[in-house]
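First the structure, in the form of structure tokens, and then the observations on it.
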Amino acid sequence: MNLEKFLVIAGVPGVHKLISSRSNGLVIEDRQQGRTRFVPVRQQQVTPLATVAVYTETDEGTIPLVEVFGKMLDQYDDNPPVGLDASSADFRDYFSRVLPEHDRDRVHINDIKKCIKWFNFMREKGIFEEAKREAEKEAADEPADPKEA
């Protein structure tokens, strides 16, 4: 799954797809409103989901958010995400089942809540399936033998 083209923007709810970039901002597909729009980068903080990671107590120190989402998808039937109005203990318990090695000191409840919120939005809007299709298409377009390129 490739989330490089998917962004979160401070102050704008949901997850957005990058359509193109300009010198003064980005053209995004707003999945919440179902339209494209321009976002000036000087006024908005834009974060690609591919750059987000979760602190862990492993040797690496972090795990990419895409891998956390993969674990959440794999466990969805047996371990669905808690509701956004759940207690802090419920959030921590759910996230401990998804990612037992997460750093409980540096991963705050608001981080877990944001992760679940993005996950639910992306699942409802079919973004995970779209990202998988794009990754498969890119893999099929690449030559098998590097000498062919």
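The values are calculated or read from the model by the stated rules, or taken from the named source; none is laboratory data. Remember, predicted model here, so these are calculated numbers, not experimental data. We place every Cβ from the backbone using ideal geometry, glycine too, and count neighbours over all the protein chains shown.
If you check 29, 57 for being without any contact (Cβ under 8 Å) to a residue 24 or more places away in the chain and either in the same structural domain as residue 117 (by TED's automatic domain parsing) or surrounded by 12 or more Cβ atoms within 10 Å (Cβ to Cβ) (or both), only one passes: 29. Where strands (runs of 3 or more DSSP E) fall entirely within the range 19-128, those with at least 1 residues that are under 15 Å from residue 8 (Cβ atoms) and under 18 Å from the mean Cα position of the chain (by Cα) are at 25-30, 46-48, 53-55, 62-64. Might you let me know whether the range 68-87 holds any residue that is modelled with pLDDT of 90 or more, touching a strand residue (DSSP E or B) at 6+ places or on another chain (Cβ under 8 Å), under 17 Å from residue 7 (Cα atoms) and not charged (D, E, K, R)? Yes, the range 68-87 has at least one match.
Out of 120, 110, one residue alone is in contact (Cβ under 8 Å) with a residue 24 or more places away in the chain and of a type in the set (S, T, N, Q). It is 120. Within the range 1-15, being in a strand (DSSP E or B) and over 10 Å from the mean Cα position of the chain (by Cα) holds for 9, 12, 13, 14.
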